[in-house]
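Following: one structure in structure tokens, then a few remarks.
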Amino acid sequence: MANTFGKIFTLTTFGESHGEAIGGIIDGCPAGITLNLETVQYEMNRRKPGQSKIVTQRKEPDEVQFLSGIFEGKTTGASIGFIIKNANQRSNDYEHIKDAYRPSHADYTYDKKYGVRDYRGGGRTSARETANWVVGGAVAKQVISNIKINAFTSSVGEIFMEKPYQDVDFSNIESNDVRCPDTATAEKMIARINEIKKQGDTIGGTVTCVIQNVPVGWGEPIFDKLHAQLGKAMLSINAVKGFEYGSGFCGAKMKGSEHNDIFNADGTTTTNLSGGIQGGISNGMDIYFRVAFKPVATIMQAQQTIDKDGNILEMHGKGRHDPCVVPRAVPIVEALAAMVLTDFMLLNSYKKLKG
């Protein structure tokens, strides 16, 4: 199932949405890192359900229990094991899909691939799995503590924050429920999400991530390009439909004379359409990218679907679901970015030692 993420700094996870617990093992974390466990829990609180009126009302404390790899507040170099207990399952909400497939979910493909599925909240394919990723990312952030990673909601539906990332005050990200650092835009986004929620529908959006202070030289020139690994990480998130970095798709409309980042004498560039990465390797400029999230597939409206025998039937969504997943995805984007960068930092250090 490819339950392991990373090459040197790795996270292997387990668990289902409605099982006893979820959890994981972090391997490759350097010894001697002072871990602030309150900071780990803070990141979990940013992702957890029930934190505001515009997200799912499932109530999970998402308290992390560390089992190994930490002694007297520092990492030992051994595997870091952890669990997060599930506390607020309502499995009966999913009885109506026991033999049916929800449109645009993984129900059909999972069942056809494995011949068995846990229909309670999607089981292993549930976005509840991403809580494990946030733990891994919270640890990774403390390994690369000099690097700043800030993600925020940049659009909801047709409502976009027009301000360029260079003008964003990252301290405002947590000032509102939608995690958009522009107050006026955030209010419009929240109103739109509430409107969509009343209709029993869902809406998508985008998360922008800005990474600062990455040294020159992280990443590989062929298959392990830095942007390729960031893209793979982001496209692993449930509901993600697109990833672009730097100028992204807008760069396809430009001429080379418009797109080239001209060098200054110190190696910086006058523009940053490359998005901080050239030839798959970090160039010292800010790394920035955008991630597109589709509308949540479970809607509180009647839809046509099929059951396991191919019979057409009508389905109506039940349970507690996000009308827009984007606000809770912000810490997930940061977490995966942190794990990718920690992996490349360790790989870069290893190559220097060998050289």
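I'm trying to understand the selection: among the residues of segment 172-221, which are among the hydrophobic types (A, V, I, L, M, F, W, C), surrounded by fewer than 23 Cβ atoms within 10 Å (Cβ to Cβ) and touching a Pro at 6+ places or on another chain (Cβ under 8 Å)?
173, 196
Out of 80, 84, 54, 22, which single residue is buried (at least 17 other Cβ atoms within 10 Å of the Cβ) and without any contact (Cβ under 8 Å) to a residue 60 or more places away in the chain?
The conditions single out 80.
Within the bounds of segment 222-242, is there any residue that is in contact (Cβ under 8 Å) with a residue 24 or more places away in the chain, exposed (fewer than 15 other Cβ atoms within 10 Å of the Cβ) and not in a loop (DSSP other than H, G, I, E, B)?
Yes, some residue in segment 222-242 is in contact (Cβ under 8 Å) with a residue 24 or more places away in the chain, exposed (fewer than 15 other Cβ atoms within 10 Å of the Cβ) and not in a loop (DSSP other than H, G, I, E, B).
Here is a yes/no grid of residues against (1) farther than 19 Å from residue 46 by Cβ; (2) of a type in the set (Ser, Thr, Tyr); (3) part of a helix (DSSP H, G or I):
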residue	(1), (2), (3)
119	yes, yes, no
129	no, no, yes
141	no, no, yes
149	no, no, no
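So is residue 94 modelled with pLDDT of 90 or more and either closer than 25 Å to residue 316 by Cα or not polar (S, T, N, Q) (or both) or not?
Spelling it out, it is not the case that residue 94 is modelled with pLDDT of 90 or more and either closer than 25 Å to residue 316 by Cα or not polar (S, T, N, Q) (or both).
Go through (1) more than 30 Å from residue 192 (Cβ to Cβ); (2) at pLDDT 95 or above; (3) of a type outside the set (Ser, Thr, Tyr) for residue 289 and report which single condition fails.
For residue 289, the failing item is (1).
For residues in segment 57-77 being touching a residue at least 24 places away in the same chain (Cβ under 8 Å) and of a type in the set (Gly, Ala, Ser), which is farthest from residue 179 (Cα to Cα)?
77
Residue-by-condition table, conditions (1) closer than 25 Å to residue 181 by Cα; (2) in a loop (DSSP other than H, G, I, E, B); (3) at pLDDT below 95:
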| site | (1), (2), (3) |
| --- | --- |
| 251 | no, no, no |
| 273 | yes, yes, no |
| 299 | no, yes, yes |
| 315 | no, no, yes |
| 318 | no, yes, yes |
| 331 | yes, no, no |
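Could you say whether any residue in segment 284-296 is in a loop (DSSP other than H, G, I, E, B), acidic (Asp, Glu) and surrounded by 15 or more Cβ atoms within 10 Å (Cβ to Cβ)?
Yes: segment 284-296 contains one or more residues that are in a loop (DSSP other than H, G, I, E, B), acidic (Asp, Glu) and surrounded by 15 or more Cβ atoms within 10 Å (Cβ to Cβ).
Would you check if residue 261 is under 24 Å from residue 206 (Cβ atoms), of a type in the set (Asp, Glu) and not in a strand (DSSP E or B)?
For residue 261, the condition - under 24 Å from residue 206 (Cβ atoms), of a type in the set (Asp, Glu) and not in a strand (DSSP E or B) - is met.
Residues in segment 187-220 that are outside any loop (DSSP other than H, G, I, E, B) and in contact (Cβ under 8 Å) with a residue 12 or more places away in the chain: how many?
Number satisfying all stated conditions: 16.
Out of all the residues in segment 299-320, is one or more of a type outside the set (Phe, Trp, Tyr), under 21 Å from the mean Cα position of the chain (by Cα) and surrounded by 15 or more Cβ atoms within 10 Å (Cβ to Cβ)?
yes
The values are calculated or read from the model by the stated rules, or taken from the named source; none is laboratory data. Since this is a predicted model, take the numbers as computed values, not measurements. Note that we place each Cβ from the backbone using ideal geometry, even for glycine, and neighbour counts take in every protein chain shown.
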